[in-house]
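K.L.:
Starting off with a structure, shown below.
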Amino acid sequence: TQSDVLSRRWTKSMIDKLLGAPDKLKDNPHGRRAAPMKLFLVSRVVAAEQTQDFASALAKAEKRRHAIKPSIDKKRKNTLAAARNIKVHISGEPIEIMQEKAINSFNRGRYVEMASNQSDEKFLQRITVNYIRHEVTSYEQELANTYKKIGADKAVEIIRAKVYKEIARVYPELEEECIRQAKLRQVDMKKAA
């Protein structure tokens, strides 16, 4: 696959220049709308890697990678610093009011499986944490601010950890659910500073 070729230190421009068109296109397993997978014969890739053109292109690519590394590192550092510096604010309305808002939000547009105050307690905790995270905090906006930034994956983890930690602080009765959701998303709540 093209990603396999790229993992061998090729760049997309090197692929275009030295390999040209793929040997085969295959439907993308991620969906019909996704671009088809480009497949290259391994023998063709290995043969191209033995040429002087490949050696020259690789040297130039490595030089560019080395030259932009400080810039990439700085951008990653800035993205992570911004995530660490966000302030999560939760008004602290009584849990009963927050749960009622969560139920109403959950039921909006639903015609089956409506939530109520008599619903399972774990379910109510889950929808309440989700409601607070999405509707009460700046969670969605903070995640959007990291979109396509270098270091976004780690920044998202920091933001999620901060939001879950603050929900658990303001509503101790939701702490167990916050921990459960954080673990589900592989988020370490201790990373929230």
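The values are calculated or read from the model by the stated rules, or taken from the named source; none is laboratory data. Since the structure is predicted, the reported quantities are computational estimates derived from the model, not experimental observations. Cβ placement follows ideal geometry from the backbone for every residue including glycine, while neighbour counts extend to all protein chains displayed. The area values use the complete protein model at the heavy-atom level, side chains included, leaving out ligands, DNA and RNA. Shrake-Rupley method; radii C 1.70, N 1.55, O 1.52, S 1.80 Å.
K.L.:
For Gly92, only one of the following conditions fails: (1) without any contact (Cβ under 8 Å) to a residue 60 or more places away in the chain; (2) exposed (fewer than 15 other Cβ atoms within 10 Å of the Cβ); (3) small (Gly, Ala, Ser). What is its number?
P.N.:
Status for Gly92: all satisfied but (1).
K.L.:
Among the residues of the stretch 77-85, is there at least one that is within 25 Å of Tyr147 (Cβ to Cβ), open to solvent by 100 Å² or more (accessible area, probe 1.4 Å) and either at pLDDT 95 or above or small (Gly, Ala, Ser) (or both)?
P.N.:
Yes, the stretch 77-85 has at least one match.
K.L.:
Which of (1) closer than 30 Å to Gly151 by Cβ; (2) exposed (fewer than 12 other Cβ atoms within 10 Å of the Cβ); (3) at pLDDT 95 or above is the odd one out, the single condition Ile15 does not satisfy?
P.N.:
For Ile15, the exception is condition (2).
K.L.:
Taking the stated definitions as given, is Val112 loosely packed, with under 12 Cβ neighbours inside 10 Å, of a type in the set (Val, Ile, Thr) and not in a helix (DSSP H, G or I)?
P.N.:
yes
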